[in-house]
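Notes follow the structure.
The values are calculated or read from the model by the stated rules, or taken from the named source; none is laboratory data. It should be emphasised that the depicted structure is a prediction, and the values quoted were computed from it without experimental measurement. Neighbour counts run over all protein chains shown; Cβ positions are idealised from the backbone, glycine included. Just so you know, the surface numbers come from the protein's heavy atoms only, side chains and all, with ligands and any DNA or RNA stripped out. Shrake-Rupley method; radii C 1.70, N 1.55, O 1.52, S 1.80 Å.
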Amino acid sequence: MNNALTALIAICQRELLRFFGQRARMLAALVRPLIWLLVFAAGFRAALGLSITPPYETYITYESYIVPGLCGMILLFNGMQSSLSLVMDREMGTMRLLLTAPVPRWWLLSCKLIAGAVISVLQAYVFLAVCAMYGITFAPVSYILALPALFLTALMLGALGIALSSTVKQLENFAGVMNFVIFPMFFLSSALYPLWKMAEASALLRDICLVNPFTHGVEMIRFALYQKVDWINWAVTLVALAVFLGLALWGYNPAKRLISRKV
Amino acid sequence: MGLSVEHISHDWGKKRALDDVSFHVAYGEFCALLGPNGAGKSTLFALLTGLVSPRQGRIEIAGSDIATAPRAALSRMGVVFQQQTLDLDLTVWRNMLYFAGLHGIVGKAARVASQEALERLGMVERAKERARDLNGGHRRRLEIARALMHQPEVLLLDEPTVGLDAASRKSLTDHVHSLAQDTKLSVLWATHLTDEVYAGDRLVVLHRGAVLENGYAQETSSDLTDRFLSLTGEAA
């Protein structure tokens, strides 16, 4: 087995061990979307009427509509949290261990990204299992078909998080940056309302939602859960992943904080 | 030659941190890099470990240039940084396996290498403890065990005894001295404490980024302290 692969396995194992050791993190990741599903959706259900638009072929409940968006919410929050762990590693010194491993730095960064995406996807599946217990189910094959969509969206959002973390000099600043990204990205998307509903309120809002790559990630998951594919969503998400990853690799100088404090 | 540093200079902005630093450490040699705070030791370590690329000069680790063949150089090097690099949430054993994976050692080979490295440093009975629960001395031992797991030819330690009590400090210093002798490892031990330098050690005195002395320590610790103070005092 070559070094690149063993490094990937080692980093994924470490992130998984850390994740399973932090039960509160799993709980927090589930509570957020569950509040939306059980509390907000119950209220919005009466207020919002949903027409039959792809991928739907019949009327669905609002709870069913927001499940893909809430999966996206999990991926979004965890993507940002994974990049926060990168900043933490830099602050705590464990980043030095990574950087002195005989593996290219771009690959180490990619390993961190993949490990974060694996954890995101695991959380999304736990959420889907809870949804099933609540009565929101999909065809068994949909759960398998959703995997690539969930994983690609998780990678795209994780890459965005790493790109953002490369601009942050201090851990304290990162929380602020996350808030400025997470909330607009989530609310200005199709996660909570369909785009035609947005257009009824404002065409500009709809256009903003359309250029938001998170919208395309959520739609990709939504279509996959109904065993359908919209290639535009895949293309936009892939392009966004390439751009964010490029920015992350270009902007990320992991030694920056390790060394600057010595100056 | 285990470690070869030739004409290394480095600037942080307009401030010169290292000025034409050269020295060598042969296999089996313990080299004490002695310098007061701010002498440039940590900058030199950043260059030696490839965290920063040297702009002037050349560094070779077991024959591999850190600038042109970083992966070969890093695979032959073990490092213990001044700042701890353990994952405190993982057990001792998991910290070892994580490092093994980063260095391409997996499966049975990783388990055997971890076991042997922990045995060498007397840490086997602590394998199941979380790194967070270890005291400072044991954390350092674990870091040294980890740094030796992939059987490096060069071991770099940046002020490894910081924060340790006198007994732990002595035990660690003794242990690394005997490691160099027994395993023919090249050791570079950065410190500002003269009692960690033993007679017969190679001694490089660094002050304000320049090498003031490069030879062998012959004196007792108290004589060395006087000479170190006079050297760095004169240079200041």
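A compact table of results
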| item | result |
| --- | --- |
| Residue in the stretch B:115-128 that is small (Gly, Ala, Ser), farther than 14 Å from B:Leu172 by Cα and open to solvent by less than 40 Å² (accessible area, probe 1.4 Å) present | yes |
| Every residue from the stretch A:233-250 that is modelled with pLDDT under 90 and open to solvent by less than 30 Å² (accessible area, probe 1.4 Å) | A:Ala248 |
| Close pairs (6 angstrom Cβ cut-off, 6 or more residues apart or separate chains): under 19 Å from A:Asn179 (Cα atoms) in the stretch A:136-164, part of a helix (DSSP H, G or I) and open to solvent by 70 Å² or more (accessible area, probe 1.4 Å) anywhere | A:Ala163/A:Leu247 |
| Any hit, the stretch B:93-100, residues being open to solvent by less than 40 Å² (accessible area, probe 1.4 Å), aromatic (Phe, Trp, Tyr), assigned to a helix (DSSP H, G or I) and within 11 Å of another protein chain (Cβ to nearest Cβ) | yes |
| Breaking point among (1) closer than 22 Å to A:Glu63 by Cα; (2) buried (at least 19 other Cβ atoms within 10 Å of the Cβ), for A:Val229 | (2) |
| Single match in B:Ala199, B:Ala147, B:Ala210, B:Ala166 (criterion: of a type in the set (Gly, Ala, Ser) and closer than 21 Å to B:Asp20 by Cα) | B:Ala210 |
| Filtered residues of the stretch B:116-140 (kept if farther than 24 Å from B:Thr183 by Cβ, basic (Lys, Arg) and part of a helix (DSSP H, G or I)) | B:Arg132 |
| Qualifying residue in the stretch B:76-84 (condition: under 18 Å from the mean Cα position of the chain (by Cα) and within 13 Å of B:Ser4 (Cβ to Cβ)) | yes |
| Complete set of residues in the stretch B:146-200 that are closer than 29 Å to B:Ile105 by Cα and acidic (Asp, Glu) | B:Glu153, B:Asp158, B:Glu159, B:Asp174, B:Asp182 |
| Selection count where residues are more than 10 Å from chain A (Cβ to nearest Cβ) and part of a helix (DSSP H, G or I), scope the stretch B:49-84 | 0 |
| Conditions (1) farther than 17 Å from B:Arg94 by Cβ; (2) crowded, with 16+ Cβ neighbours inside 10 Å; (3) touching a residue at least 40 places away in the same chain (Cβ under 8 Å): number failed by B:Gly137 | (3) |
| Residue in the stretch A:85-109 that is farthest from the other protein chains (Cβ to nearest Cβ), counting only those that are touching a helix residue (DSSP H, G or I) at 6+ places or on another chain (Cβ under 6 Å) and open to solvent by 30 Å² or more (accessible area, probe 1.4 Å) | A:Trp106 |
| Filter result for B:Leu34 (open to solvent by less than 50 Å² (accessible area, probe 1.4 Å), under 13 Å from the mean Cα position of the chain (by Cα), in contact (Cβ under 8 Å) with a residue 24 or more places away in the chain and within 30 Å of B:Arg227 (Cβ to Cβ)) | yes |
| Only one of A:Val141, A:Val39, A:Val118 that is more than 26 Å from B:Ala100 (Cβ to Cβ), at pLDDT 85 or above, open to solvent by 20 Å² or more (accessible area, probe 1.4 Å) and more than 14 Å from every other protein chain (Cβ to nearest Cβ) | A:Val141 |
